[in-house]
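Quick notes on the structure that follows.
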Amino acid sequence: MTSESRLVDGVGLCDAAVLHMVCGKIASGKSTLTARLVKAQRAVLISEDVWMARLYWDEIHTLADYVRCAGRIKTVLTDHIQSILSAGASVVLDFPFNTTDTRSWGQSLFRTAGCEHRLHYLDVSDEICKARLRARNASGEHPFRTSEEQYDQITRYFVPPALSEGFNIVVYDESGKVRSRTES
């Protein structure tokens, strides 16, 4: 099996443990992509939204609340994620790796575990994300409702990944198709 046949559209099978991280604005398709990755990779999925909804469902009212609770979850999960990776299982983190600080946490995970990594970047416009957000809010299926005002407030902190950060990046367009790949 060639490496090309094992990696189709950024989600194919791999032989070694890989840490998959996602980067993209709210409603860009991160959870949809992570579901594809988990299925294709037979990997362990760890979802920030699930942890937040189960542990802090009544505590997140502001951006500061989110940052505080997300920090707690990362602290608790760091050793666990590194153990899973070190044991040879791939992990898909459905967390927003949308800032350099969050991506630094991701780097510490794969470097400590000594495994491969991929940063999956969904490059989707604000217009498309907001339309998806309205549909998601209307469906009531997502554990959290985000207003357009909250979207704008949170998106101000979004920083697209840069090659200088040292990630293996797979870039997706708004349809979920791979646009490009870069190796660090």
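The values are calculated or read from the model by the stated rules, or taken from the named source; none is laboratory data. Nothing here was measured: the structure is a model prediction, and the numbers come from that model. Cβ coordinates were reconstructed from backbone atoms using ideal geometry, including for glycine residues, and neighbour counts include every protein chain displayed.
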**Complete:** Among (1) within 30 Å of residue 61 (Cβ to Cβ); (2) without any contact (Cβ under 8 Å) to a residue 24 or more places away in the chain, residue 133 falls short only on (2)
**Within region 106-115, tally of residues that are closer than 20 Å to residue 71 by Cβ and either in contact (Cβ under 8 Å) with a residue 40 or more places away in the chain or crowded, with 19+ Cβ neighbours inside 10 Å (or both)** = 4
**Message:** Taking the conditions exactly as written (charged (D, E, K, R) and either surrounded by 15 or more Cβ atoms within 10 Å (Cβ to Cβ) or at pLDDT below 95 (or both)), does residue 79 satisfy them or not?
**Reply:** no
**Item:** Criterion (assigned to a loop (DSSP other than H, G, I, E, B), modelled with pLDDT of 95 or more and over 16 Å from residue 174 (Cα atoms)) met by exactly one of 159, 124
**Value:** 159
**Item:** Cβ-Cβ under 8 Å pairs, at least 6 apart or on other chains, region 143-170 side more than 20 Å from residue 18 (Cα to Cα) and touching a residue at least 24 places away in the same chain (Cβ under 8 Å), far side in a loop (DSSP other than H, G, I, E, B) and aromatic (Phe, Trp, Tyr)
**Value:** 143/57
**Prompt:** With 139, 147, 180, 175 as the choices, which residue is of a type outside the set (Asp, Glu), loosely packed, with under 12 Cβ neighbours inside 10 Å and closer than 16 Å to residue 34 by Cα?
**Reply:** 175
**Message:** Please go through (1) touching a helix residue (DSSP H, G or I) at 6+ places or on another chain (Cβ under 7 Å); (2) closer than 22 Å to residue 56 by Cβ; (3) not aliphatic (A, V, I, L, M) for residue 149 and return the number of the only condition it doesn't satisfy.
**Reply:** (1)
**Prompt:** Is it the case that residue 118 is touching a Leu at 6+ places or on another chain (Cβ under 9 Å), surrounded by 14 or more Cβ atoms within 10 Å (Cβ to Cβ), modelled with pLDDT of 95 or more and under 23 Å from residue 66 (Cα atoms)?
**Reply:** no
**Residues within region 94-121 that are aromatic (Phe, Trp, Tyr), over 18 Å from residue 181 (Cβ atoms) and assigned to a helix (DSSP H, G or I), tallied** = 1
